[in-house]
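Structure first, commentary second.
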Amino acid sequence: MRPLKRSTSTAVVIPALAGTAALATATPASAASYRCKTSSHTVDDPTYNGPDSDNWDFDVTLCAIRSGGYIYTTATVYWDGPYTAKNRSTYTFNKAKFQLQTKRSVSGTDPVVKSGAYTGLEHALEHSSSNGNGSYATGTLKSTAGSGRYLADGYIQLDWSGDGKSYRSPILFTASPVV
């Protein structure tokens, strides 16, 4: 992710701290017990070819916890979008979603135990700050825990306005540590 401006860094840290408090109230376990992993990906807006910056830099934090016979998974998406994103507002995306998945960790491909599509990401992206920055927190998925190990995984899908296509290929992020 490109270096953030000081005001942008502060804007990202404060919601991150608030997100930690939200995790503490989402389940009976403490936030310190969540196992989280943050990874990044930069996406170019394929519908814009002008002189201004058009990249969207995403950081996604995926978290999982095992508590009371259940697995809880959640995600937070942070972005540093182009400053022109505010000018285009609701004309940037036709659709956007974060797909959160609870997976059982096995040898080979991890099977999905539970999945949730969070389409509120579109509204959040299109209503970024005046600098093109913002964040979006998914809800929490709750699954019954078996004897195996589990993790949180997820991806972003974007359908750009004006490109004549539907959702593009999923933007993949690194899964949480296993719990």
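The values are calculated or read from the model by the stated rules, or taken from the named source; none is laboratory data. Small disclaimer: the values here were computed from a predicted structure and weren't measured. We work out accessible area using only protein heavy atoms, side chains counted, and drop any ligands, DNA or RNA first. Shrake-Rupley method; radii C 1.70, N 1.55, O 1.52, S 1.80 Å.
Some points to look at:
- Per residue, the accessible area of the range 77-179 comes to 46 Å², computed with a 1.4 Å probe over protein heavy atoms only.
- Carbon/sulfur fraction of accessible area - the range 81-179, other protein chains in place, 1.4 Å, %: 49
- For the range 117-132, 3J(HN,Hα) computed residue by residue from phi via the Karplus equation (6.51, -1.76, 1.60; θ = phi - 60°) reads 9, 10, 7, x, 4, 4, 4, 4, 4, 6, 10, 5, 5, 5, 8, x Hz, glycine and proline entered as x.
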